[in-house]
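In what follows, a structure is listed as structure tokens, so that the remarks can point back to it.
The values are calculated or read from the model by the stated rules, or taken from the named source; none is laboratory data. Quick caveat: nothing in here was measured; it's all calculated off a predicted structure. When we count neighbours, we look across all protein chains shown, and the Cβ atoms used for this are built from the backbone with ideal geometry, even at glycine.
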Amino acid sequence: MTGANSFQVSGYGPERAGWTRLFARDSVTRRLDWPILLAAGLLSVIGSLLVFSATRNRTDINQGDPYYFLIRHIMNTGIGLALMIGVIWIGHRTLRTAVPLLYGLSVFLILLVLTPLGSTVNGAHSWIVFGGGFSLQPSEFVKITIILGMAMLLAARVDAGDKEYPDHRTVLQALGLAAVPMAIVLLMPDLGSVMVMVIIVLGVLLASGASNRWVFGLLGAGAIGAIAVWQLHILDEYQINRFAAFANPSLDPAGVGYNTNQARIAIGSGGLLGAGLFHGSQTTGQFVPEQQTDFVFTVAGEELGFVGAGLIVVLLGVVLWRACRIARETTDLYGTIVAAGIVAWFAFQSFENIGMTLGIMPVTGLPLPFVSYGGSSMFAVWIAVGLLQSITVQRPMSA
Amino acid sequence: MTNIPETGRSTRVQTRLVVIQILVLSLLGTLGGRLWYLQIREGSAYAKEASGNHVQQVVDPAVRGSILDARGVPLADNETRLVVSASRTDLLKMKDDGKAVLTKLAGVLGMKPQEVMEKVRLCDAKTPQPCWNGSPYQPIPITDEATPKQALQIRERAEDFPGITAEPQAVRRYPSPGGANTAQVLGYLSPVTDDEIQQAQDTDSPYLRSDQVGRSGLERQYDKALRGKAGVTRYEVDNLGRVIGEAESDAAQPGDNLVTSIDARVQRIAEYELNEAMKTARGEFDKNTGENYKADSGAVVVMEAKTGRVVAMASNPTYDPNAWVGGISAADYKKLTGKDSNYPLLNRAIQGQSAPGSTFKVISTAAAVEAGYDFDGGYPCTSSYSVGNQVFKNFESENFGPISLGRALEVSCDTVFYGLAHKEWQKDGGINPKKNANDYFFKAAHQFGLGKETGIDLPNEVTGRVPDRAWKQSYWEANKDAWCKTGKKDGSYVEKIAYENCLEGNKMRAGDEINYSIGQGDTLVTPIQMATIYAAISNGGTLYDPTVGKAVISADGKKVTEIEPTSHGKLPISKATRNKMDAALAGVATRGTAAWRFQNWPQDEIAMHAKTGTAEVYGKQTTSWFATYTKDYTVVMTISQAGTGSGASGPAVRKIYDALYGVQEDGSVDKKKALLPTPQKSLPKVRTDGTIAAPKITEDPAKKEKATEPGERAPADDQQGATTATPTGQNRNTRRRRRCTPRRGGSTGRRMLT
């Protein structure tokens, strides 16, 4: 069965147009995974409130306009939604044919970052800054193209019915495909994104049914790679310091440990119900750096308390749970791998982001999906939602 | 391919997808658990840390209240100094962190720029002094000795000195009106300690790091009232310390003023005369030790007899309390507290204790009456009293034959009291006492308030000691090991004593009680205790808690809290006994041991009562005691290592009375010259603005004394005093003459006279 077919399954004539058609039993709207959509939408709404709370007093960065970040965050979400609709419209299977092009484009963009066109933000040379306050972080999109590219390679022979599992050569090819952009991103150096990509590769390999040897081999290689990175001083000092501060937060509380310490104070002081939106003194006092982006969860922790912060975790759980379901219930391996890759990506990135604010993960510069301020990240996660929706929409209807 | 489920999926993929799902769930569960731990379990701790994070306090110190004398003359007040300070937050807003401003400021103040910079930097582990260890939100003082000209320069060119202020600030001052320094009574201030800051942190009156706290005397006793309440403004600040809002603010409340019963003029006289008496004593030759008297310390208390209020209290050696202002120097501190300092910080009127000598006899008299002996009975005043092979001499008088208790007081006849005490000792069972021993002599001492604090409103008063059976037992238990170790039956004198003590130091021996009855031995009293007792005899029997504070008046003058006299008991004597005792003590002043000191005293106009005392101290020269009272005042003076009661202390006490009542040399009373013929009853007048009216004391009240001071000398010990109506012509003072009389260890009498 192909995607095109599932669209044609519709048994209604062209006269049944408009609202009725939109909500017909087998229409796209009815087939969408609404829990994911609603959870992601709610996360974006909460995100915009938190971003607003964190930035409305930041005259140093909001150019005197308290709504500067709020408006941009809503705009980003809107663009993200549009991208999602576009992806659903095109369909993940059609996109499959464009994967080489997308892959090439994303690698080109990250190479561009390494040229003088790229900019350094917070120690990572991973941005392309356009005028007017807009900038692009191509590594966000690389995450998608790695998923799509690897899925394309790994699923091709299996979906064609030639093989039960991808063979070694295919796995090697897929790994090579992922390794190229990862190496470039590591050079930026954007360690956080590389970590996410490693997890994505692991998730993709797991879902593809590749031999256990590959899975464990990759885990081992990852461990060795981490040691090598440490030993060969590929990491900058600030990155090593982050790990040191993670291991011992009381180390130099004014310096490296400051972020984690203040983040934990902010979250801890929230208690059950929080200080109330816009009433967090840690937030108002700007004690937590990068609070609208990587540390946005601390705003939720302080102002919305355990209830609000817990809700974010639950909503992320809804997205991930449904995505896992989609992965399991899709008939084609390509869809499964894409969904699983997205699960690995969202799950690890959320865990790392929230975990670092809670002091159980080292600090890296990763945004919280849907919630953190940042265009590229927002676009990427909504494209991913689009892919998930496309997979579920194009799935054959169960009886 | 056989196990393809509905989705057309191999089981391996399906299993792995379930594994992924479980992994994802456990990651989220971990986050939830950690979130619960931080926010719910540890939430309150983090909330506390957060509030400390972003609230900064700026404390506006309260002006410390003044300490005034009974007429309103300030004994301790504040002087205004021009303090130039810098606001760190303002300086940090400048491009160069305020370096240019500070350099300019250094120029104006005539300091080195480096010096100024160092003063405003914050202290931390790496920064050596000088540095600022207070709150960075507090203006940091650069100098408190700016001249008005410098202050004007800074203020007029405010735009050149952003963040710099030159403002008058209150600094403690002890003005010593008329030369009365009152040092030990006033006490002193010293900087607050970290512990105290911690303790006061959550109270309604937190300390500033720069705060001064009363450490002794009135400054300490009334610290809370005097200190007032510092104003606190809490600012919410952001991570860079910029103020983002004012949380709450309380205005500073200046401290209350303390009106004391001290009269600065009388205080000055008392201090001056005490010092003169000691100087004179040092010129006297002590035949017993073969050197001049050391007169190393002394104290005098002038008290209102009917209220217990202290009019003057002097302790010698003394010091200048201003030494503490603005932080005491190391050299000064050593001078005040070092080994060779003779501890001028001690207030010997309440912290000095010694055996009371014959001033104790009023207690023995009361005890005897209590025990059933007739006051007017006849008791043999022999020249010595023998118990077994011990002979107790009558040191202070000669053989008068049978005399009344009153007469025994007058002439300070020891043997009368020896006999009574010994009889009581025997009645109580002797060396092996019966169960319910009466112990009249010891009970009386307790009833007179000895062995415990008088309750004066000054800190660290000592209790003295009544060497009763309980004390002997505990003292023996504490020391017997040492005694038994060093004691030898046939060793040196000290070793023999130790041997005796080891055997029966816990028992009340005949000699112990006999010596005790005349105020010798292990008894210890403080001058304030004696003053309280003699005031009680004067006022009809009430033992007042002595007070120095008379009223606490709020800074605006609206709230006046008077400190009423309170008593801690009644003397165990009937009115008749009191009257007889009163007459006997008047006899001491007119024809007894103190008469030669009260020549020309207008006794009919102002009835004078006195008792002399000379206490033995083992290894030292004798302690001079002189306890006196009129109907309004009690004056007790004691000088350590200075000889006899009337000899060393007599002239000084007489001169204090002369000044109080305006008694002239010829015995006439010049009411105009009287400083305080009746105690100051009313409080000083409070003006509408809260300030307190005070007469000015421009001249030293002791000056006229200096002019009239004759080169008067006490008669040499062995000679007949140049006294008047002493019926016997023999007793002049209470001097006991014994060499090396041991008074320690409880085995006194026997040893010394064998």
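Give the number of residues within the stretch B:524-563 that are within 21 Å of the chain's Cα centre (by Cα) and farther than 25 Å from B:Asp632 by Cβ. Residues in the stretch B:524-563 being within 21 Å of the chain's Cα centre (by Cα) and farther than 25 Å from B:Asp632 by Cβ: 1 in total. Annotation for the stretch B:290-306: at least one member residue is touching a residue at least 40 places away in the same chain (Cβ under 8 Å), surrounded by fewer than 23 Cβ atoms within 10 Å (Cβ to Cβ) and closer than 25 Å to B:Lys681 by Cα. Restricting the stretch A:284-302 to residues that are at the interface with chain B (Cβ under 10 Å from one of its Cβ atoms) and surrounded by fewer than 24 Cβ atoms within 10 Å (Cβ to Cβ), the residue that is nearest to A:Phe52 (Cα to Cα) is A:Thr284.
Any residue at all in the stretch A:157-164 that's touching a residue at least 60 places away in the same chain (Cβ under 8 Å), of a type in the set (Asp, Glu) and in contact with a strand residue (DSSP E or B) (Cβ under 9 Å, 6 or more places away or on another chain)? Looking through the stretch A:157-164, none of the residues is touching a residue at least 60 places away in the same chain (Cβ under 8 Å), of a type in the set (Asp, Glu) and in contact with a strand residue (DSSP E or B) (Cβ under 9 Å, 6 or more places away or on another chain).
Would you confirm, using the coordinates I've provided, whether A:Val343 is touching a Cys at 6+ places or on another chain (Cβ under 6 Å) and among the hydrophobic types (A, V, I, L, M, F, W, C)? It would help to see each step written out before you state the result.
Numbers: touching a Cys at 6+ places or on another chain (Cβ under 6 Å): yes; among the hydrophobic types (A, V, I, L, M, F, W, C): yes.
Here the answer is yes, as A:Val343 does meet what is asked.
In this structure, is A:Leu311 part of a helix (DSSP H, G or I), surrounded by fewer than 24 Cβ atoms within 10 Å (Cβ to Cβ) and either at pLDDT 95 or above or more than 10 Å from chain B (Cβ to nearest Cβ) (or both)? Here the answer is yes, as A:Leu311 does meet what is asked.
Okay, residues lined up against (1) surrounded by 18 or more Cβ atoms within 10 Å (Cβ to Cβ); (2) assigned to a helix (DSSP H, G or I):
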{"residue": "B:Ile154", "(1), (2)": "yes, yes"}
{"residue": "B:Ala166", "(1), (2)": "yes, no"}
{"residue": "B:Ala170", "(1), (2)": "no, no"}
{"residue": "B:Glu196", "(1), (2)": "no, yes"}
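Scanning the stretch A:315-336 for residues that are within 9 Å of chain B (Cβ to nearest Cβ) and under 21 Å from A:Leu153 (Cβ atoms) returns A:Ala327, A:Thr330, A:Thr331, A:Asp332, A:Leu333, A:Thr336.
Checking each residue in the stretch A:337-360 for being closer than 25 Å to A:Ile265 by Cβ, facing chain B (nearest Cβ under 10 Å) and either in a loop (DSSP other than H, G, I, E, B) or among the aliphatic types (A, V, I, L, M) (or both) picks out A:Ile354, A:Leu358, A:Gly359, A:Ile360. Comparison of A:Ala266, A:Ala245, A:Ala223 shows that the only residue that is aliphatic (A, V, I, L, M), farther than 30 Å from A:Ala160 by Cβ, at pLDDT 65 or above and crowded, with 17+ Cβ neighbours inside 10 Å is A:Ala266.
Just so you know, in the stretch B:324-358 the residues that are at positive phi and more than 15 Å from the chain's Cα centre (by Cα) include one that is modelled with the highest pLDDT, and it is B:Gly357.
Taken as a whole, the stretch B:535-553 holds no residue that is modelled with pLDDT under 90, part of a strand (DSSP E or B) and small (Gly, Ala, Ser).
Could you check, for the stretch B:385-400, whether at least one of its residues is outside any helix (DSSP H, G or I) and within 30 Å of B:Ile142 (Cα to Cα)?
From the stretch B:385-400, those outside any helix (DSSP H, G or I) are B:385-400; that's our starting set.
Imposing the further condition that a residue be within 30 Å of B:Ile142 (Cα to Cα) reduces the set to none.
No, the conditions are met nowhere in the stretch B:385-400.
In the stretch A:278-286, the count of residues that are assigned to a loop (DSSP other than H, G, I, E, B), touching a residue at least 24 places away in the same chain (Cβ under 8 Å), out of contact with any Asp or Glu (no Cβ under 7 Å at 6 or more places or on another chain) and of a type in the set (S, T, N, Q) is zero.
Of the residues that make up the stretch B:130-152, is at least one outside the structural domain of B:Leu274 (by TED's automatic domain parsing), assigned to a helix (DSSP H, G or I) and at pLDDT below 75?
Residues of the stretch B:130-152 that are outside the structural domain of B:Leu274 (by TED's automatic domain parsing), as a first pass: B:130-152.
From the residues that got through so far, the ones that are assigned to a helix (DSSP H, G or I) too are B:148-152.
Subsequent filtering for residues that are at pLDDT below 75 retains none.
Checked the stretch B:130-152: no residue is outside the structural domain of B:Leu274 (by TED's automatic domain parsing), assigned to a helix (DSSP H, G or I) and at pLDDT below 75.
Checked against (1) in a helix (DSSP H, G or I); (2) crowded, with 21+ Cβ neighbours inside 10 Å; (3) more than 7 Å from chain B (Cβ to nearest Cβ), A:Gly305 meets all criteria but (3).
Condition test on B:Thr7, is it of a type outside the set (Lys, Arg), exposed (fewer than 15 other Cβ atoms within 10 Å of the Cβ) and at pLDDT below 75?
So B:Thr7 fails the test.
Exactly one residue among A:Thr331, A:Thr336, A:Thr364, A:Thr357 is in contact (Cβ under 8 Å) with a residue 40 or more places away in the chain and surrounded by fewer than 22 Cβ atoms within 10 Å (Cβ to Cβ), and that residue is A:Thr331. Counting only residues that are modelled with pLDDT of 90 or more and either among the β-branched types (Val, Ile, Thr) or not in a helix (DSSP H, G or I) (or both), the stretch A:185-199 holds 3 of them.
Return yes when A:Asn76 is in a loop (DSSP other than H, G, I, E, B) and either at pLDDT below 95 or among the hydroxyl-bearing types (Ser, Thr, Tyr) (or both) and no when it is not. The answer is no for A:Asn76. Remark: pairs (first residue in the stretch B:430-453, under 18 Å from B:Gly357 (Cα atoms); second residue surrounded by fewer than 16 Cβ atoms within 10 Å (Cβ to Cβ) and of a type in the set (Val, Ile, Thr); Cβ separation under 7 Å; 6+ apart in sequence or on different chains) = B:Gly451/B:Thr463. The condition of being crowded, with 18+ Cβ neighbours inside 10 Å, more than 25 Å from A:Gly47 (Cα to Cα), within 19 Å of the chain's Cα centre (by Cα) and at pLDDT 90 or above holds for A:Ile147. Consider the stretch B:574-606 and keep the residues that are among the β-branched types (Val, Ile, Thr) and touching an Asp or Glu at 6+ places or on another chain (Cβ under 8 Å). The one that is modelled with the highest pLDDT is B:Val588.
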